[in-house]
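For reference, the structure discussed in these notes is given below.
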Amino acid sequence: MVDEPSTSGDRAHESSRTIDLARALVANQFFLVYQPMIDLRTNAFAGVEALIRWRHPERGVIGPSEFLADLESTGQIVSVGRWALATACHQGAEWHARGYRFRVSVNISFEQLRRDEFVDDVAVALASSRLDPDDLVLEISRSSLAERNFSRLRSLGVHVAIDDFRPDIVSLDEIEILPVDVIKLDRSFIANLTETKGAPALVHSMVSFARKRGIQVIASGIEDAGQLRSLQLEEVSAGQGFIFSEPHEAADIDRLLRDFSIFSGRPL
């Protein structure tokens with residue numbers, strides 16, 4: 001089907017949205033929420049993933065699926081991404097100062113990684129927040145692995161995760177050459193884990209292969225007990241999803257951490 005030509009109304013709407021996004025960072029309308037990651041072997045609190053939201057003055061809270069593409073296309077993802085990285089590092093350092101020890105994961109776009117100044121942005125965020133580089137995980141796509149800044153980034157001592165990974169379309173040989181510390185299984189793969197023939201065995205092979213190379217495997221989007229049990233049987237080390245917790249703002253994570261340590265008796 002051929003796309004219809006854009007109307008003047010469409011262009012006006014796009015222009016207005018671009019202006020709204022440009023104002024959003026200056027007006028402090030962006031904020032971060034954090035989704036807990038849980039160790040699937042011990043039930044310990046293993047970390048959080050920082051996720052961006054937009055508190056629009058008229059539309060309310062907007063999820064990233066509605067504005068990330070616009071940030072990418074306009075180049076604003078660089079400044080917004082820099083803010084998100086710095087904010088997540090400072091929040092992680094705050095939690096660590098209270099005695100909680102877990103890693104903070106931040107999504108990094110291809111556009112950020114390809115910029116020469118990005119490695120400096122990470123170094124500044126770590127230095128200003130005093131977050132230990134070992135406690136920061138940068139989540140990137142497979143397509144970003146070839147970027148020239150990648151080796152410089154790893155030299156800072158941070159951890160690198162490859163995001164949205166599907167073991168049904170990637171060979172074990174490819175895993176062997178991935179210069180990453182963490183593999184995050186794609187949520188769409190997890191959604192069909194218990195219904196797809198051979199999928200659990202595929203996960204098991206991948207986990208065994210990755211473990212021998214010092215790579216941690218984490219599952220995204222765990223929604224039900226069947227998925228969780230299957231991942232535990234295949235020895236996936238950690239996971240996140242609504243079965244554990246939806247994303248929360250930092251104050252709610254504080255309460256969750258207190259309750260978690262009091263009622264579970266598990267280490268943080």
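Please specify each residue of segment 201-235 satisfying the condition of being touching a helix residue (DSSP H, G or I) at 6+ places or on another chain (Cβ under 6 Å) and among the β-branched types (Val, Ile, Thr).
Val217, Ile222
Quick one: in segment 44-64, of everything that is within 21 Å of Glu139 (Cβ to Cβ) and charged (D, E, K, R), which residue is surrounded by the fewest Cβ atoms within 10 Å (Cβ to Cβ)?
If we take residues in segment 44-64 being within 21 Å of Glu139 (Cβ to Cβ) and charged (D, E, K, R), then Arg53 is surrounded by the fewest Cβ atoms within 10 Å (Cβ to Cβ).
Any idea which residue in segment 14-43 is surrounded by the most Cβ atoms within 10 Å (Cβ to Cβ), counting only those that are at negative phi and assigned to a loop (DSSP other than H, G, I, E, B)? Working first, answer last.
In the first step, residues of segment 14-43 are kept if they are at negative phi; the result is 14-27, 29-42.
In the following step, the residues that additionally are assigned to a loop (DSSP other than H, G, I, E, B) were identified as 27, 29, 40-42.
On the way: Ala27: 11, Gln29: 17, Leu40: 24, Arg41: 12, Thr42: 13.
That would be Leu40.
Which ones in segment 185-231 are surrounded by 19 or more Cβ atoms within 10 Å (Cβ to Cβ), of a type in the set (Gly, Ala, Ser) and in a helix (DSSP H, G or I)?
Ala210, Ser230
Is there any pair linking a residue in segment 41-58 that is over 17 Å from Glu246 (Cβ atoms) to one that is in a loop (DSSP other than H, G, I, E, B) and among the charged types (D, E, K, R), with Cβ under 7 Å and at least six apart or on different chains, and which?
Every condition considered, the pairs that remain are Thr42/Arg266; Asn43/Arg266; Ala44/Arg266.
Looking at Val180 and the list (1) part of a loop (DSSP other than H, G, I, E, B); (2) surrounded by fewer than 19 Cβ atoms within 10 Å (Cβ to Cβ), which single condition is not satisfied?
Of the numbered conditions (1) part of a loop (DSSP other than H, G, I, E, B); (2) surrounded by fewer than 19 Cβ atoms within 10 Å (Cβ to Cβ), the odd one out for Val180 is (2).
Among residues belonging to segment 67-119 that are charged (D, E, K, R) and modelled with pLDDT of 95 or more, point out the one that is surrounded by the fewest Cβ atoms within 10 Å (Cβ to Cβ).
Going residue by residue through segment 67-119, those that are charged (D, E, K, R) are 70, 72, 82, 94, 98, 101, 103, 111, 114-117.
From what's left, modelled with pLDDT of 95 or more: 82, 94, 103.
Numbers: Arg82: 19, Glu94: 14, Arg103: 21.
Among them, the one singled out is Glu94.
How about segment 236-248: which of its residues are in contact (Cβ under 8 Å) with a residue 40 or more places away in the chain and surrounded by 13 or more Cβ atoms within 10 Å (Cβ to Cβ)? Reasoning before the result, please.
Residues of segment 236-248 in contact (Cβ under 8 Å) with a residue 40 or more places away in the chain: 236-241, 244-248.
Matches in segment 236-248: Val236, Ser237, Ala238, Gly239, Gln240, Gly241, Phe244, Ser245, Pro247, His248.
I'm trying to understand the selection: among the residues of segment 126-163, which are at pLDDT 90 or above, under 24 Å from Met206 (Cα atoms) and of a type outside the set (A, V, I, L, M, F, W, C)?
Hits for segment 126-163 are Glu139, His159, Asp163.
Listed residues Ala88, Ala50, Ala93; which is in contact with a strand residue (DSSP E or B) (Cβ under 8 Å, 6 or more places away or on another chain) and in a helix (DSSP H, G or I)? Give the derivation first.
Working: Ala50 fails: in a helix (DSSP H, G or I); Ala93 fails: in contact with a strand residue (DSSP E or B) (Cβ under 8 Å, 6 or more places away or on another chain).
When all the criteria are applied, what remains is Ala88.
The values are calculated or read from the model by the stated rules, or taken from the named source; none is laboratory data. These numbers come from a predicted model, not from an experiment. Heads up, the Cβs are rebuilt from the backbone with ideal geometry, glycines too, and the neighbour counts pull from every protein chain shown.
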